[in-house]
Each structure stands twice: as C-alpha cells, then as structure tokens.
Amino acid sequence: MNFVVFAILALLAITAVAIAKLRELWAVIMFTGIYSFLSASWMIILDAPDVAFTEAAVGAGISTVLMLSTMALTGKAEEIPRKKSLVPLFVVLVTGATLVYGTLDMPHFGSPDAPVQVYPDPSFVERSEADMHGLPNVVTALLASYRGYDTLGETTVVLTAGIAVLLILRRNDEKDEPTRLAGNKTP
C-alpha cells in the first residue's frame, strides 16, 4: 500500500511540474485532467469516495470541457513572459512550508489516539435527535442535515462558476441586435 501512496504522490508532483513548464495550452489542459484523476485516486486511498467522485467528475470532466471550449475562443499557446519573477515561487514556497508546519503536530492518519476518536462531545449525541427533527441515528442525522449545508454550498459554487463561464463564452452580436428587434433579416 505504501508503494501505491508514494507512486501517486510522485505522479502528482511530476504532473504539476509538467503543467508549470508547458506552454502549449492543449497539453496543459490534458495534464490538468490527468492531475484531477490522480487527485481522485489519492482521495480513494484516503477513504473519501464522495470527494474522489466529485474531483473526477468536475475536475477532470467538466473543467476539461470548459477549458477546451475556452481555448477554442483564444490562442493555442501561452505567451512567454518577457522577464522572470521569483515572487510567485517565493509565495508558493512560503505557503507550502506553512502548510507542512501546520501538520507536524497532527496525529497520524486513522490513529485511535486522535482527539476526535478519544473525546467525542457527548452533547452532540444527546442533541442530535432534537436537532435533526427526530432522526434516530446520529450518522443518519449527520449525513442528512449537517452535511446538507456543505453540499448546498458546493452546488451553489459549481452553479455560479457554470453561469460565469457561460457568460464569458457567450457571443456578443451587438450589430445584429437592432435588426432582430425590428424583425428584419440581415442580407
């Protein structure tokens, strides 16, 4: 199992570097889809199949189609920057180091000594039936209600992003607008 974990992490890193180095947009879009599938595989290893499914569907599926559609309206290659800046590299390194530092005192994945395993809040179990309008099972209550807010938020974000993409990609035919309103056909 450790070999698979390290292999997926290595492939994620290699794919990320390839995305950063490539200048041809079609290749970047394809590698972004590959990165999403690798991320979905990583989520499966972390026992999060719902997140993996969402990553595969949205990250690799819908996003790839939207990026290819956008590329059809724009150029095929990225312009090479005239001067190189080390500021983005510095920001990424500082952010990465901060994230790694923040995880140093966390318990190991799945550890039975983790605070969430050892010290569950008894009031949560006691209040769950009243909070969830009579659902008898705490797990059902969590999935049916608390998790619903999360799903509603995710759905709202995806819907808003889809509307924004459609507005960006729509064709603006201002010259045809007056003739359509008057009912005349253009020759």
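Applying 1/(1 + (r/R0)^6) with R0 = 41 Å to the Cβ-Cβ distance of Trp26 and Met106, what FRET efficiency is obtained, to the nearest 0.05?
E(calc), rounded to 0.05, equals 0.55.
According to a simple spin-label model (label point 7 Å from Cα along Cα-to-Cβ), what is the distance in nm between Val118 and Thr151?
3.4
What distance in nm separates the two pseudo spin-label positions at Thr54 and Leu73, each 7 Å out from Cα along the beta-carbon direction?
2.7
Given a Förster distance of 30 Å, report the FRET efficiency between Val92 and Phe3 from their Cβ-Cβ distance, rounded to the nearest 0.05.
With a Förster radius of 30 Å, E is 0.60.
Principal axis extents for the range 1-126, Cα atoms only, whole Å, descending order, please.
Result for the range 1-126: principal-axis Cα extents of 58, 33, 33 Å.
So what are the ³J(HN,Hα) numbers for the range 78-93, from phi and the Karplus equation (6.51, -1.76, 1.60; θ = phi - 60°), rounded to whole Hz, Gly and Pro as x?
7, 6, 6, x, 6, 10, 9, 10, 8, 4, x, 4, 4, 4, 5, 5
Since every read-out is calculated from the coordinates, none of them should be taken as a lab result. Everything numeric in this text was worked out from a predicted model, so none of it was measured. Please note: Cβ atoms are built from the backbone with ideal geometry, for glycine as well, and neighbour counts cover all protein chains shown.
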